[in-house]
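Data block below; observations after.
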Amino acid sequence: MRWILPLLLAIGVAAPARAASEWAVKDGSVQVKAHADEQGRAVVRASIEIAAPPSVVFGVILDCGRAARMSPGVKRCRVVSRAADGSEVREHTVKWGFFLPALQSRSRLSLQPDREIRFTCIGGDIRACDGFWRLEPLDGGMRTRVTYDLWATAPYAAPAGLVSSLMRRTVPQSLAALRRECEGG
């Protein structure tokens with residue numbers, strides 16, 4: 001669920017500018033706000049609190065082996081390269097449904113260990129995306145507030161109703177799955 005969530009959101013979220021309404025979802029402790037901006041890009045902000053230290057959350061977000069368990073539609077995640085500065089290039093394959101083609105995305109990640117993961121789409125089917133995962137220690141570092149921020153364009157236009165439905169379902173599901181993985185549940 002690393003920058004995989006950005007991929008998922010980029011695929012399903014970005015609608016034409018006509019879908020510029022903003023909405024918020026609160027599912028337990030998962031909070032999500034999303035809207036389409038004037039360029040038709042999806043803009044998403046989500047947050048959740050997790051009963052695990054930032055180092056644990058950071059590791060889970062970056063674990064490609066857990067991607068399919070945490071993000072609907074993810075079929076494959078792999079690290080393409082790692083640089084000396086700690087940055088990475090990752091590739092994801094996502095298949096949303098029987099009638100939709102599998103999509104590929106390549107992202108560059110810059111890492112600030114246990115604090116932040118910044119990502120930018122650099123290739124594949126997603127035309128553009130940019131965002132971050134920010135980890136804030138709580139309760140002396142025993143808990144973590146995770147903030148996820150994204151803007152993205154989809155490889156194809158989607159009706160606003162479909163986009164809203166997908167976001168209302170997948171973002172809370174993915175963040176709740178991140179919490180389960182981090183808390184060992």
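Assorted remarks:
- Filter pass, residue 117 being modelled with pLDDT of 90 or more and under 15 Å from the mean Cα position of the chain (by Cα): yes
- Applying the condition of being in contact with a Leu (Cβ under 7 Å, 6 or more places away or on another chain) and part of a strand (DSSP E or B) to the stretch 125-134 and asking which residue is surrounded by the fewest Cβ atoms within 10 Å (Cβ to Cβ) yields 131.
- Any hit, the stretch 115-123, residues being farther than 26 Å from residue 47 by Cβ and open to solvent by less than 60 Å² (accessible area, probe 1.4 Å): yes
- Residues in the stretch 123-140 that are at pLDDT 95 or above and touching a Ser or Thr at 6+ places or on another chain (Cβ under 7 Å): 134, 135, 136, 137, 138.
- The stretch 90-114, residues that are in contact (Cβ under 8 Å) with a residue 40 or more places away in the chain and either open to solvent by 80 Å² or more (accessible area, probe 1.4 Å) or of a type in the set (Val, Ile, Thr) (or both): 94, 113
- Identity of the residue in the stretch 62-89, touching a strand residue (DSSP E or B) at 6+ places or on another chain (Cβ under 6 Å) and of a type in the set (A, V, I, L, M), that ends up surrounded by the most Cβ atoms within 10 Å (Cβ to Cβ): 67
- Failed item in (1) open to solvent by less than 70 Å² (accessible area, probe 1.4 Å); (2) out of contact with any helix residue (DSSP H, G or I) (no Cβ under 9 Å at 6 or more places or on another chain), with residue 144 passing the rest: (2)
- Filter pass, residue 164 being open to solvent by less than 40 Å² (accessible area, probe 1.4 Å) and either within 22 Å of residue 59 (Cα to Cα) or at pLDDT 80 or above (or both): no
The values are calculated or read from the model by the stated rules, or taken from the named source; none is laboratory data. These numbers were taken from a predicted model, which means no experiment stands behind them. For neighbour counting, all protein chains shown are included, and Cβ atoms are generated from backbone atoms with ideal geometry for every residue, glycine included. The accessibility values were calculated without ligands, DNA or RNA, using every heavy atom of the protein model including side chains. Shrake-Rupley method; radii C 1.70, N 1.55, O 1.52, S 1.80 Å.
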